[in-house]
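The values are calculated or read from the model by the stated rules, or taken from the named source; none is laboratory data. Predicted, not measured: the structure shown is a model, and the values here were computed from it. Backbone-built Cβ (ideal geometry, glycine too); neighbour counts: all protein chains shown.
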Amino acid sequence: MRNSTELTINLGHLAFNFDLLKKRTPHNQTIFMVKANAYGHGILEVVQFAFEELGITEFGCASLGEAMAIRKNLPKINCHLYVFSDAEIQDKDYREQYVDYNIYPVIHCLEDLQVVLTDPDLKWLPLVLKFDTGMNRLGIAVDQIEAVIELVRKFDKKEIHHLVTHFANSYLIMKEGDKTHRQYHQFLQLKSEFEKAGITVANSSCANSGAIEQGFGLEHSHIRPGLMMYGPAGTGRSDLWSGKTISTFKTKVLKTMPIRKGTPVGYGGHVCGKDGYIAYLPIGYGDGFLTFFSGGELKVEDQIGKVLGRVNMDLTALYFETLPKDLRSGSQVTIWDDEKYDISELSTQMKTIAYQLFTSITGRVPRRYIK
Ligand SMILES: *Cc1c(COP(=O)(O)O)cnc(C)c1O
């Protein structure tokens, strides 16, 4: 564990973001996506707060193990849990956990549907079906709808509990006739096919952050926000979503030193082209400060430090031509926060996405929760 590098999570900001979301989507129920350790923020703390303080009752995981961690560690949190991708339905031991722990698998292929319908232990499970409307990732193919209807009828199911699809491009600004619109059209058609066949679709959802921010796909019972709940806009556009980043990622300067042009620094002996200063930070790829941030820029006070040479496991060197005025050993350096150091800007600067910055933070970094 570190003492000098820390992720502070302001759950009050999560409350702010949810409040903002509810104002925009008063008619939708929310499946709050908490996969990947609640986008790096701590799945148990986030789920507990969201359930107890915000009244959110439905949560989305990617894997069965994530959902199991919630059930085992938060036995009093009586919420609905969905496993969206890594469902492990083909494994008998795993699939029984859905019934034992009251978790919903999101069924994304015919083979899994077959198993869920034929295993007598699983016949109590509500059917949550995900269709592939054009992302070509997971999901039952649109042209398999007849086969699905046949199976569902054969096993005497009257209802699809929740019909799901996922957009490939909703983070882009939408235009009539674009890919998201085409996916949405397919989704509406699927829904009506079921209804025509006399199978009720009790709930449905398609909108993730990018779509919600653009007011798209809200004509369904549910929405599935992830990133926007943690602050940053899925579209990257602060005019479309002004959430507060719920975490502050900060570290402290370990050492500063002047450096001469031509002096080799660190692994591989990277050389500076100019005289200047180095500030060493106690943060490296072992904390989630990734190697490809090398050469990237980090704002410190009102100056720009450049990540010099290789990022190490435990350390990073920042190069400055002149040292920021107050920067010395022990000075705080904020990597992102909800005010001055914007994570969306940083992610663009580091050639990645806010999702990855959040989820990269490793277990060595302590998470501290405030409200
Ligand atoms: C991750 C995920 C979401 C949330 O996406 P964001 O872009 O973070 O809002 C919604 N639905 C599914 C199926 C997902 O896997």
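Are there any pairs, at least 6 apart or on different chains, whose C-beta atoms fall under 7 Å, with the first in the range 86-97 and assigned by TED's automatic domain parsing to the domain that holds Cys61 and the second among the polar types (S, T, N, Q), and if so, which?
What qualifies is Asp86/Ser63.
Taking the range 150-178 as the search range and keeping residues that are buried (at least 17 other Cβ atoms within 10 Å of the Cβ) and among the hydrophobic types (A, V, I, L, M, F, W, C), which one is nearest to the ligand (Cβ to nearest atom)?
The extreme case among them is Val164.
What number of residues within the range 50-68 are within 17 Å of Met228 (Cα to Cα) and assigned to a helix (DSSP H, G or I)?
1
Could we say that Val365 is in contact with an Asp or Glu (Cβ under 6 Å, 6 or more places away or on another chain) and either within 16 Å of the ligand (Cβ to nearest atom) or touching a residue at least 40 places away in the same chain (Cβ under 8 Å) (or both) here?
The answer is yes for Val365.
Of all residues in the range 73-107, how many are of a type in the set (A, V, I, L, M), within 16 Å of the ligand (Cβ to nearest atom) and in contact with a helix residue (DSSP H, G or I) (Cβ under 8 Å, 6 or more places away or on another chain)?
The total comes to 5.
If I filter the range 39-72 down to residues being within 13 Å of the ligand (Cβ to nearest atom) and in contact (Cβ under 8 Å) with a residue 60 or more places away in the chain, which single residue comes out as surrounded by the fewest Cβ atoms within 10 Å (Cβ to Cβ)?
Only one residue fits best here, namely Glu58.
Which of (1) part of a helix (DSSP H, G or I); (2) under 20 Å from Asn203 (Cβ atoms); (3) touching a His at 6+ places or on another chain (Cβ under 9 Å) is the odd one out, the single condition Thr30 does not satisfy?
(1)
How many of the residues in the range 84-136 are within 20 Å of Leu163 (Cα to Cα) and part of a loop (DSSP other than H, G, I, E, B)?
Total meeting the criteria: 16.
Check Ala202, Ala141 and return the single one that is farther than 27 Å from Ala233 by Cβ and in contact (Cβ under 8 Å) with a residue 12 or more places away in the chain.
Being farther than 27 Å from Ala233 by Cβ and in contact (Cβ under 8 Å) with a residue 12 or more places away in the chain holds for just one of Ala202, Ala141, which is Ala202.
Exactly one condition in (1) within 13 Å of the ligand (Cβ to nearest atom); (2) over 21 Å from Arg71 (Cα atoms) is false for Leu14; which is it?
Of everything listed in (1) within 13 Å of the ligand (Cβ to nearest atom); (2) over 21 Å from Arg71 (Cα atoms), Leu14 misses just condition (1).
Identify all residues within the range 237-294 that are touching a Lys or Arg at 6+ places or on another chain (Cβ under 7 Å), touching a residue at least 60 places away in the same chain (Cβ under 8 Å) and among the charged types (D, E, K, R); write none if there are none.
Answer for the range 237-294, where residues must be touching a Lys or Arg at 6+ places or on another chain (Cβ under 7 Å), touching a residue at least 60 places away in the same chain (Cβ under 8 Å) and among the charged types (D, E, K, R): just Asp287.
Residues checked against (1) in contact (Cβ under 8 Å) with a residue 60 or more places away in the chain; (2) in contact with a His (Cβ under 8 Å, 6 or more places away or on another chain):
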residue: Leu318; (1), (2): no, no
residue: Thr322; (1), (2): no, no
residue: Lys325; (1), (2): no, no
residue: Asp338; (1), (2): yes, yes
residue: Ile343; (1), (2): yes, no
residue: Met350; (1), (2): yes, no
residue: Ile361; (1), (2): yes, no
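Look through the range 213-245, keep the residues that are over 21 Å from Val106 (Cα atoms) and outside any loop (DSSP other than H, G, I, E, B), and return whichever of them is nearest to the ligand (Cβ to nearest atom).
Only one residue tops the list, namely Met228.
Any chance you could count how many residues in the range 179-200 are of a type outside the set (S, T, N, Q) and surrounded by 20 or more Cβ atoms within 10 Å (Cβ to Cβ)?
Residues meeting the conditions: 4.
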